[in-house]
Amino acid sequence: MILKTFSEVSAGILGQTVAIQPLISKIGGVQRLALFDLDRTLIDLDTAFRRWANEFTEQRHLGPEDLAWLVSQDRDAHPHREAFFTRVRERFALAEPVEELWAGYRRRMPHLVQCYPGVLAGLAELRATGWRVGIVTNGMADNQLGKLRRTGLADAVDGYAVSGVEGIRKPETGLFEVAAQRCGTNLAEGGWMVGDNFIADIQGAQTAGLRTIWIDRGTWPGQKHQADHVVAGIAEAIAIMRDRH
Ligand SMILES: [Mg+2]
């Protein structure tokens, strides 16, 4: 709060906010902007994927070893879905083109995903205490927008930016900037980014000038990281941001 007061006074003296931004940055003051990744940060994609794999296995009369194979393929570094469905098509000698299999997955997933426990309440709490809250996510427009709407997240944040809509992907700064703008601000006064992907979320956000909280879900064991904080889940991330302001 001291920093906020200082910046407001300085802005009044200098007549323009832009003149004091380097000083704010230097002394560490950042605005209350909290950006979040979507998949495996706010929503439990792994549980949803297992539900989808169960359905897929039943519909195609596959066996338990096939179900285990599907889950293992997903767990191995979370391959791009186009690559994943290329492997699925080959393994089960499916007639449908990869694009059709993938499109079916994208139609179904919004109905299977849920937020991790406490996410909606945590975001509401941030917004109630003066934070702007946004989502920055890579993915196809139909799938990501469907997930945002079905989980209630679309109405629980100030704005969101989906790579498949905007034509730019994390870790590029542009997608973070779009999300900040949708929240009624910009990246010039900093903010926070919370995500599970070490490159897209953490490195991308650092390049964009944001403070970072990495949710370590075990995808990169032993990874040497440069995130400002490392947490096991979203509640811990929200507590850190709240405590720093
Ligand atoms: Mg993620």
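The values are calculated or read from the model by the stated rules, or taken from the named source; none is laboratory data. Predicted model, so just to flag it, every value in this text is computed and none were measured. A quick note on method: Cβ atoms are made from the backbone with ideal geometry, for glycine too, and the neighbour counts reach across all protein chains shown.
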Exclusive hit being charged (D, E, K, R) and away from the ligand (no atom under 16 Å from the Cβ), set Lys170, Lys224, Lys147: Lys224
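Considering each residue of the range 199-221, count those that are at pLDDT below 90 and within 16 Å of the ligand (Cβ to nearest atom), and give that number.
Counting residues in the range 199-221 that are at pLDDT below 90 and within 16 Å of the ligand (Cβ to nearest atom) gives 4.
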Scope the range 116-125; condition surrounded by fewer than 21 Cβ atoms within 10 Å (Cβ to Cβ) and not in a loop (DSSP other than H, G, I, E, B); matching residues: Leu120, Ala121, Ala124, Glu125
Where Gly104 falls short, out of the listed (1) of a type outside the set (Val, Ile, Thr); (2) in contact with a Lys or Arg (Cβ under 6 Å, 6 or more places away or on another chain); (3) under 19 Å from Thr47 (Cα atoms): (2)
Lone unmet requirement of (1) touching a Phe, Trp or Tyr at 6+ places or on another chain (Cβ under 8 Å); (2) away from the ligand (no atom under 16 Å from the Cβ); (3) assigned to a helix (DSSP H, G or I) for Asp74: (2)
Every residue from the range 129-166 that is part of a loop (DSSP other than H, G, I, E, B) and surrounded by fewer than 16 Cβ atoms within 10 Å (Cβ to Cβ): Thr129, Gly130, Gly152
Residues of the range 89-107 that turn out to be surrounded by 14 or more Cβ atoms within 10 Å (Cβ to Cβ) and under 14 Å from Phe49 (Cα atoms), as a count: 4
